[in-house]
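Where a number appears in this text, it was derived from the coordinates with a stated rule and is not lab data. The structure displayed is predicted, hence computed values, not measured ones. For neighbour counting, all protein chains shown are included, and Cβ atoms are generated from backbone atoms with ideal geometry for every residue, glycine included.
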Amino acid sequence: MSSLSLPLPLLIFAGAGAAIWVAGTSLSNQTDVLSTRLHLGSALGGLILLAVATNLPEIAIVATASLSGNIGVAVGNVLDGIAIQTRRPGRARHRRRTG
């Protein structure tokens, strides 16, 4: 197992949670400022924030794989994301039954 005692990982977890809390609050405030300055409205500003935040892990994977020379992982990640987003989940139910 790990050589760390229980209080240290709990402290690290609490610190990471606090950092996420502060960053999320700041990001929310900045979104409000940008939506006011650009006259976007709070819904569109929130939508843009959500879209960017949701795609950050994908961007990090593609950038890291590309910089390390692993183009297959980068291209595969992009194509896999597109395939999942364009999949039609209810398609099997609407097929005609034959027989």
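Please find the FRET efficiency linking THR25 to ILE61, where r is the Cβ-Cβ separation and R0 is fixed at 41 Å, and quote it to the nearest 0.05. Could the numbers behind the result be given before it?
Details: r = 27 Å, r/R0 = 0.65.
So the FRET efficiency works out to roughly 0.95.
Which whole number in µm²/s is D for segment 12-53 by Stokes-Einstein, with the Kirkwood Rh taken over Cα pairs at 25 °C and 0.890 mPa s? Can you show the working numbers first?
Values: Rh = 11.0 Å.
Estimated diffusion coefficient is 223 µm²/s.
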